[in-house]
Amino acid sequence: ALVTGATGTIGGAIARRLAEAGAEVVVHGSPASGDRAEALAAELDPPGHVVVADLAVDPEGCLDAAVAAVGLLDVLVNNAARDVAGDASDDWEAIRAVNLDAVIALTRRFAATSRGGSVVNVASIEAHRPAPGHALYGVSKAGVVAWTRAAALELGAQGIRVNSVSPGLVARPDLEAIWPEGVARWRAAAPLGRLGHPEDVADAVLFLASDAARWITGADLVVDGGVSARPGW
């Protein structure tokens with residue numbers, strides 16, 4: 001299994017959960033996070049492999065390096081993304097390059113080099129209900145959900161399932177300091193009364209990647225503690 005963006009909070013939890021389930025995991029990190037990728041790979045059991053790549057520049061090279069390390073992949077988790085929590089970013093090219101273009105390129109490369117398997121794309125509930133100031137992030141994640149459905153149609157004949165997970169707001173050490181108003185809104189809206197834990201998302205990814213989801217493709221699994229169940233008016 002290749003997990004992109006594995007040095008982040010959610011990506012690290014996904015890599016650990018897949019390793020716990022017995023997968024041989026390839027940990028991807030950006031050029032700025034290579035040391036963290038090495039540390040994460042070393043802590044996995046079985047130990048992971050490391051690929052350092054800039055997904056905005058060469059996503060196909062990232063997947064090719066993973067294949068060179070472990071052979072043909074069974075699972076691709078497209079988790080890497082440019083995070084805009086607390087940031088009304090208008091840099092569409094930078095957001096799109098990682099959040100959407102790389103997802104498409106990696107999926108296509110996986111399909112060209114695999115003999116079946118599972119692709120799980122990490123989207124966001126902002127694909128369905130964008131947060132104020134996060135318009136372009138929401139657009140990129142909506143593209144991921146649309147790509148998930150389209151790729152499921154195109155790749156099913158190859159025995160490849162393609163699904164996505166749309167997490168809500170997931171806790172991390174610096175989140176409340178970066179985006180206090182967003183955290184406050186979330187807590188007020190969450191029926192289950194808390195932010196998500198990285199493991200909540202990792203368990204959903206594991207399910208969709210596994211044979212337990214063998215007849216599920218083209219689906220978007222919302223993991224948000226019930227926030228999106230609230231009326232939008």
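The values are calculated or read from the model by the stated rules, or taken from the named source; none is laboratory data. This is a predicted model, so every value here is computed, not measured. All Cβ positions, glycine included, derive from the backbone under ideal geometry; neighbour counts span all protein chains shown. Accessible surface areas use protein heavy atoms only, side chains included; no ligands, DNA or RNA. Shrake-Rupley method; radii C 1.70, N 1.55, O 1.52, S 1.80 Å.
Counting only residues that are without any contact (Cβ under 8 Å) to a residue 40 or more places away in the chain and open to solvent by less than 20 Å² (accessible area, probe 1.4 Å), the stretch 1-42 holds 10 of them. The single condition among (1) in a loop (DSSP other than H, G, I, E, B); (2) within 21 Å of Ala131 (Cβ to Cβ); (3) at pLDDT 95 or above that Leu100 does not satisfy is (1). Leu206 falls short on exactly one of the conditions (1) touching a Gly at 6+ places or on another chain (Cβ under 8 Å); (2) under 21 Å from Val144 (Cβ atoms), and that condition is (1). The number of residues in the stretch 98-110 that are in contact with a strand residue (DSSP E or B) (Cβ under 6 Å, 6 or more places away or on another chain) and open to solvent by 10 Å² or more (accessible area, probe 1.4 Å) comes to 0. Looking only at residues in the stretch 55-97 that are under 30 Å from Gly182 (Cβ atoms) and assigned to a helix (DSSP H, G or I), which one is most open to solvent (accessible area, probe 1.4 Å)? My answer is Glu93.
Scanning the stretch 212-233 for residues that are open to solvent by 60 Å² or more (accessible area, probe 1.4 Å) and modelled with pLDDT under 95, we see that the one that is farthest from Ala190 (Cα to Cα) is Trp233.
For Asp45, are the conditions met, namely being under 22 Å from His197 (Cβ atoms) and either free of Cβ contacts under 8 Å to residues at least 24 places away in the same chain or part of a loop (DSSP other than H, G, I, E, B) (or both)? Taking the combined requirement at face value, the residue satisfies it.
Scanning the stretch 162-185 for residues that are farther than 14 Å from Ile10 by Cβ, touching a helix residue (DSSP H, G or I) at 6+ places or on another chain (Cβ under 7 Å) and open to solvent by less than 40 Å² (accessible area, probe 1.4 Å) returns Val162, Asn163, Val183.
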